[in-house]
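The values are calculated or read from the model by the stated rules, or taken from the named source; none is laboratory data. These figures come from a predicted structure and were not determined experimentally. Cβ placement follows ideal geometry from the backbone for every residue including glycine, while neighbour counts extend to all protein chains displayed.
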Amino acid sequence: MAIDFSVNGRPVTSAAPEGTPLLWVLREELKLTGTKYGCGAGQCGACMVHIEGGRTFSCLTPVASVAGKSVTTIEGLSPGRFNALQRAWLAESVPQCGYCQSGQLMSAAALLAENPHPTREQIKDHMSTNVCRCGTYPRIVRAIERAAKEG
Amino acid sequence: MNVTRREFMVGAAGLTFSVLLESCASFRPEEKLVSKQINAWASIATDGTIFIVNPAVEMGQGSMTAIPRIIAEEMDADWSRVVIVPAAPDDKVYGNPGFRGLMYTAGSATVTGYWDIVRTFGAQVRRVLMENAARIWNVPLAELGTEPSTVVHAKSGRRMSYGEIAAVAQLPAVAPAIKPEELKKPEQYRLIGKDVMRVELPSKVNGTALYSIDVQLPGMLYGAILRGPVEGTSPLAIDDARARAIPGVVAIVRMPFGVGVIAETPWAAFGAKDALKVSWDRRARAFGHDSDRAVGVYAAAARDLTRAGKPWDSAGDAPAAMRTAAKVYEAEYICDYTYHAQMEPLNSVASVSPAGDACEIWCGTQSQTMAVAAVAKALGIAPEKVKLNLTLLGGGFGRRGHRDEEFVVDSVLLSKEVKRPVKVLWTREDDVKNGRFRPLSVHYLRAGLDGSGRIVAWQHRVACDEITAFQDPVRYKGGGERDFLAMAGSELRTYDIANRLSEQLPQQTGIRTSSLRGIGFGPNKFATEAFLDEIAARHGLDPVDLRLQLLKNTPRGQAVVREVVAMSDYRRPRPGRGLGFSFIDYSGTMVAAVAEASVDKRSGAIKVHDFWLALDCGIAVHPDNVVAQTESSIIYGLGLTLTERISFKDGAVQQSNIRDYGVPRIHDIPELHIKLVSTPNRPTGAGQMATPIVAPAISAAVFAASGARVRHTPFLPERVLTALA
């Protein structure tokens with residue numbers, strides 16, 4: 001049974017079984033590989049996407065649950081140009097291996113959408129869902145602060 | 001592939017990356033045409049584009065930018081016109097001299113290992129361009145100079161771009177010789193020592209960066225493998241009835257080390273793997289291994305001085321000096337097994353030809369040539385029949401450079417089975433359960449002091465699982481069967497101690513082991529530096545003065561010590577908190593650190609508030625990236641020190657994912673204060689140098705704050721409580 005939803009503003013259809021994690025549908029069926037697999041258990045945040053604007057672990061989201069909804073992935077965060085957050089990420093040279101960074105950016109974008117001028121503590125609270133094994137945390141904090149200021 | 005030298009060098013309009021790559025791959029150094037060696041590293045197109053080869057892999061450490069920057073510096077290339085090309089897998093051309101000519105990105109050895117040869121190559125290209133300009137203008141070479149990508153004749157005001165020269169260049173039969181003193185001096189650098197955006201960074205903020213897990217091929221299937229719980233076991237009985245019933249499952253394959261599932265979709269592959277019921281051959285050695293029990297076994301071996309250890313490093317006569325010392329101190333330290341937890345779980349993609357006589361692979365390996373060799377061996381074909389597509393690595397930390405490259409061979413074996421491209425995905429649970437770990441180690445140390453309080457004898461006995469023999473039998477045998485991955489860092493050459501002995505009591509457990517960021521320096525520097533802090537406290541010495549005394553022959557070491565003392569305002573007391581100091585010399589990189597911590601005496605929880613670190617790695621090719629790598633290696637060390645541990649019951653790993661392993665999160669990070677102490681010395685490593693200093697600095701801070709000596713990493717709250725009691 002096909003499941004219809006939208007990704008980055010485009011209508012899509014998935015043929016995957018209902019319980020399939022949205023993550024794998026995005027990556028392997030829709031070929032949107034910017035969203036990453038890290039733990040499959042909502043423990044690392046590499047798979048973070050926005051569903052109806054709210055950040056969600058796509059690895060814990062059954063594809064059937066997004067029927068009729070709108071999903072945004074890193075590819076749809078700011079198509080064609082870097083937004084203020086991405087520019088701040090580059091200005092602070094945040095990424096190292098880069099693998100977790102799509103998830104970090106999606107989490108950070110959700111934070112700034114709710115709270116355009118977060119305190120440092122609010123940034124750390126919010127971003128604690130996302131693991132970066134390279135330890136880019138100090139730069140993530142600085143980049144979010146920079147984006148809040150320059151955004 | 002028959003490319004004339006001139007076409008190759010000049011880069012005619014039709015020159016493409018694939019031609020360039022094939023040319024490089026087909027290049028044979030035994031031809032001894034040195035001029036070709038220039039070309040194998042760099043090529044200039046007539047439009048001014050400069051192709052520079054990157055021999056390393058990129059896993060976040062920045063080599064992809066750093067090595068081409070060094071070549072571009074000596075070429076005097078315009079960096080904005082540089083295009084970076086991955087090196088073909090060929091040790092003879094691209095091997096790292098620091099690893100005896102192996103293409104292997106590890107050990108923070110890329111910049112330091114390639115430093116001399118790539119600068120020479122860059123200078124040779126520049127010289128050839130200048131010689132051509134001299135010929136065209138009919139002026140002496142000595143009158144010419146260069147500006148970025150331009151040869152300049154100041155006397156006549158004439159200028160010619162590298163692209164213009166490339167269009168008409170003649171190549172010498174033999175590359176010009178460049179003497180070391182003809183290379184640029186640091187004060188002439190335009191690129192080295194200046195910050196720049198790493199070349200792959202934009203792709204890492206918009207989802208376009210390509211890792212092997214992202215590779216998509218037409219007709220590709222998905223593989224998952226259920227491996228045995230321990231190394232060396234194999235499946236006895238396989239019940240795959242439920243697995244086969246899952247829609248989309250294509251094949252289930254018995255493998256020597258497990259059971260492979262091939263399916264149309266990843267979810268079908270994972271589902272079928274989970275549905276397998278397999279019993280395992282119990283004869284493998286690691287069955288029965290219990291890490292809690294092993295601590296006692298290792299400790300007994302380390303403490304039993306009648307048992308000769310395998311010598312790693314020695315100077316003078318430590319046992320004799322110990323016997324005549326005025327005072328002998330001893331202590332024991334323990335480090336648990338730890339896991340890499342690179343963010344990208346292991347995976348690879350392979351497409352084996354239907355006849356099984358050729359193969360294409362996509363993977364993120366730390367060694368291009370090891371990967372090709374392992375695949376060739378698995379298929380019984382020549383390495384030339386294996387085409388490697390190297391992707392970015394979602395973290396490495398030592399996990400991806402084992403000689404058997406098992407996670408690469410996985411997809412090759414399954415692709416061969418079904419004669420279609422296969423992407424093999426390890427789940428995070430697979431990555432933990434089938435991990436290869438920094439070993440459990442127990443360290444027994446003794447130090448003898450003379451009547452004036454000087455350390456005159458030092459003995460360090462390390463009982464741990466062997467690493468190098470498992471990880472890389474080739475390098476182990478070739479290197480005199482020395483377990484350098486376990487023992488590195490137990491030598492104390494920088495310190496002024498006349499009689500020293502470090503030795504290994506290797507434990508054959510059958511546990512899968514690995515280099516891990518900081519290798520032996522991690523456990524060994526924890527033991528030696530924490531012990532020095534104890535000696536200072538017990539003998540009434542100041543920990544900083546003790547190190548300065550030991551560093552009396554190492555001015556660069558003294559300089560970072562003084563720097564970090566000033567940065568941290570070390571002499572100012574912090575009520576309710578403790579400061580812990582430590583110093584290490586990591587392969588020539590000097591590192592000193594101060595941690596500020598407090599201890600909750602009821603719960604045993606440690607909070608690290610601030611961490612100061614001064615580092616001298618000689619010339620920093622990319623200073624901000626050295627800072628980034630230092631932040632990274634401190635945070636990695638923080639996890640190893642406070643929370644991360646792997647334990648075993650009956651040979652099987654007890655942890656399963658990110659949370660129960662315990663990697664640091666953003667709110668766990670202290671304020672970091674990092675200072676590069678820049679000196680004009682040859683560059684040494686920068687990628688992991690801070691990791692080993694974190695545990696001893698924090699252990700000293702915990703002692704200063706609470707009086708508790710924690711001697712077992714990670715410093716779990718219950719261990720702190722025991723130490724407080």
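Structural remarks
- Summed over region B:203-233, residues that are small (Gly, Ala, Ser), away from chain A (no Cβ under 11 Å) and out of contact with any strand residue (DSSP E or B) (no Cβ under 7 Å at 6 or more places or on another chain) total 2.
- One residue stands out among those in region B:49-64 that are assigned to a loop (DSSP other than H, G, I, E, B) and either farther than 18 Å from residue B:623 by Cα or out of contact with any strand residue (DSSP E or B) (no Cβ under 6 Å at 6 or more places or on another chain) (or both): the one that is modelled with the lowest pLDDT, which is B:49.
- Wholly enclosed helices (runs of 4 or more DSSP H) of region B:248-358 bearing at least 3 residues under 30 Å from residue B:506 (Cα atoms): B:291-303, B:318-324
- Just one of (1) modelled with pLDDT of 95 or more; (2) over 16 Å from the mean Cα position of the chain (by Cα); (3) within 29 Å of residue A:14 (Cα to Cα); (4) within 13 Å of chain B (Cβ to nearest Cβ) fails for residue A:80. It is (1).
- Members of region A:92-109 found to be among the hydrophobic types (A, V, I, L, M, F, W, C), at the interface with chain B (Cβ under 9 Å from one of its Cβ atoms) and in contact with a helix residue (DSSP H, G or I) (Cβ under 7 Å, 6 or more places away or on another chain), listed by number: A:94, A:105
- For the residues B:304, B:274, the requirement of being over 27 Å from the mean Cα position of the chain (by Cα), within 14 Å of another protein chain (Cβ to nearest Cβ) and of a type in the set (D, E, K, R) singles out B:274.
Here is a yes/no grid of residues against (1) farther than 27 Å from residue A:27 by Cβ; (2) in contact with a strand residue (DSSP E or B) (Cβ under 8 Å, 6 or more places away or on another chain); (3) assigned by TED's automatic domain parsing to the domain that holds residue B:252:
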site: B:373; (1), (2), (3): yes, no, yes
site: B:391; (1), (2), (3): no, yes, yes
site: B:415; (1), (2), (3): no, yes, yes
site: B:418; (1), (2), (3): no, yes, yes
site: B:445; (1), (2), (3): yes, yes, no
site: B:466; (1), (2), (3): yes, yes, no
site: B:481; (1), (2), (3): yes, no, no
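- Of all the listed residues (B:200, B:187, B:164), the sole one being away from every other protein chain (no Cβ under 14 Å) and within 30 Å of residue B:61 (Cα to Cα) is B:187.
- Pairs meeting the criteria (first residue in region B:264-284 and farther than 17 Å from residue B:418 by Cβ, second residue of a type in the set (Lys, Arg) and exposed (fewer than 15 other Cβ atoms within 10 Å of the Cβ), beta carbons under 7 Å, at least 6 apart or on different chains) are B:275/B:242.
- Taken over region B:294-336, the residue count meeting the criterion of being closer than 21 Å to residue B:513 by Cβ and among the β-branched types (Val, Ile, Thr) is 3.
- Every pair of residues 6+ apart whose Cβ atoms lie under 9 Å, when the first sits in region A:118-144 and is in contact (Cβ under 8 Å) with a residue 24 or more places away in the chain and more than 10 Å from every other protein chain (Cβ to nearest Cβ) while the second is surrounded by fewer than 24 Cβ atoms within 10 Å (Cβ to Cβ) and part of a loop (DSSP other than H, G, I, E, B): A:142/A:92; A:144/A:118
- Of the residues making up region A:5-45, those that are in a loop (DSSP other than H, G, I, E, B), of a type in the set (Asp, Glu) and surrounded by 20 or more Cβ atoms within 10 Å (Cβ to Cβ) number 0.
- Scanning region B:199-210 finds one or more residues that are closer than 26 Å to residue A:19 by Cα and within 29 Å of the chain's Cα centre (by Cα).
- Check on residue B:88, in contact with a strand residue (DSSP E or B) (Cβ under 9 Å, 6 or more places away or on another chain) and within 20 Å of residue B:620 (Cβ to Cβ): no
- No other residue among A:85, A:112 is touching a residue at least 12 places away in the same chain (Cβ under 8 Å), more than 7 Å from chain B (Cβ to nearest Cβ) and farther than 18 Å from residue B:209 by Cα apart from A:112.
- Checked against the criterion of being in a loop (DSSP other than H, G, I, E, B), in contact with a helix residue (DSSP H, G or I) (Cβ under 7 Å, 6 or more places away or on another chain), within 14 Å of chain A (Cβ to nearest Cβ) and touching a residue at least 12 places away in the same chain (Cβ under 8 Å), region B:150-161 has no qualifying residue.
- Residue count for region B:386-398 satisfying the condition of being within 13 Å of the chain's Cα centre (by Cα) and away from chain A (no Cβ under 11 Å): 1.
- Residue B:407 meets each of the listed conditions (1) within 14 Å of another protein chain (Cβ to nearest Cβ); (2) within 20 Å of residue B:341 (Cα to Cα); (3) buried (at least 24 other Cβ atoms within 10 Å of the Cβ) apart from (1).
- Listed by position, the strands (runs of 3 or more DSSP E) inside region B:411-482 whose residues that are at pLDDT 95 or above and out of contact with any Leu (no Cβ under 8 Å at 6 or more places or on another chain) number at least 2 are B:441-449.
- Any hit, region A:42-59, residues being within 10 Å of chain B (Cβ to nearest Cβ), over 12 Å from the mean Cα position of the chain (by Cα) and of a type outside the set (S, T, N, Q): yes
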